[in-house]
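One structure is given here, and the rest of the page talks about it.
The values are calculated or read from the model by the stated rules, or taken from the named source; none is laboratory data. As the structure is a computational prediction, the values presented were derived from the model and not from experiment. Cβ placement follows ideal geometry from the backbone for every residue including glycine, while neighbour counts extend to all protein chains displayed. Ligands, DNA and RNA are stripped out before the accessible areas are found, and what is left, the full protein with its side chains, is counted by its heavy atoms. Shrake-Rupley method; radii C 1.70, N 1.55, O 1.52, S 1.80 Å.
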Amino acid sequence: MTDRRLVLASIAGLFGLSALRWLKGSPAHAAEKFEIEKTEAEWRAQLTPQQYEILRNQGTERPWTSPLLKEHRKGVFACAGCDLPLFSSETKFESGTGWPSFYKPLDNAVGTTEDRTFGMARTEVHCRRCGGHLGHVFDDGPKPTGLRYCMDGFALNFHPGNSSAS
Ligand SMILES: [Zn+2]
């Protein structure tokens with residue numbers, strides 16, 4: 001009886017350990033090289049704590065907290081880390097999720113990686129120039145792409161004006 005309990009306990013222990021290692025796995029693109037690279041200290045000095053948590057630490061803002069949800073002017077949404085234009089206001093739509101949503105990024109703006117944290121297979125989206133984490137992309141979006149880029153508003157800066165960045 002005691003032996004059996006011991007075996008069960010150690011099996012549980014093994015599972016716990018591997019689950020932990022899996023959750024703490026670094027993002028797949030961490031080893032990737034980006035055009036703009038800064039030290040942790042430089043990013044911390046440049047970004048607000050919330051921006052840092054999202055962009056550099058793969059964080060997620062609480063839904064319905066981004067002022068950009070209500071942003072309906074023409075313009076461009078740029079990376080809060082390096083100001084690269086990422087999304088046009090023309091592709092923004094109301095997803096009802098509480099996060100700013102777009103059906104398409106601008107050309108040559110974002111990169112993606114497979115994200116398997118928290119037991120879900122999701123596609124992570126980051127800025128192609130500085131590697132800053134922006135959110136995730138899902139395949140339940142509207143036409144014409146059928147994609148839903150679910151972005152953290154605090155990872156973006158809005159620049160009103162011309163909505164076709166260049
Ligand atoms: Zn960037």
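Leaving ligands, DNA and RNA out of it, rank Trp99, Trp43, Trp64 by accessible area with a 1.4 Å probe, largest first.
On the way: Trp99 60, Trp43 5, Trp64 165 Å².
The most accessible residue leads, giving Trp64, Trp99, Trp43.
Given points 7 Å out from each Cα along the Cα-Cβ axis, report the Thr65 to Asp107 separation in nanometres with one decimal.
3.7 nm
Among the listed pairs Lys92/Lys143; Lys33/Lys143; Lys70/Lys92; Lys38/Lys104, give every one whose C-alpha distance is greater than 22 Å.
Cα-Cα > 22 Å for Lys33/Lys143; Lys38/Lys104; rest within.
Provide the per-residue ³J(HN,Hα) series for the stretch 113-122, in order, calculated from phi with Karplus coefficients 6.51, -1.76, 1.60 and θ = phi - 60°, each as a whole number of Hz, with x at glycine and proline positions.
Whole-Hz 3J(HN,Hα) from phi for the stretch 113-122: 9, 6, 10, 10, 6, 6, x, 10, 8, 10.
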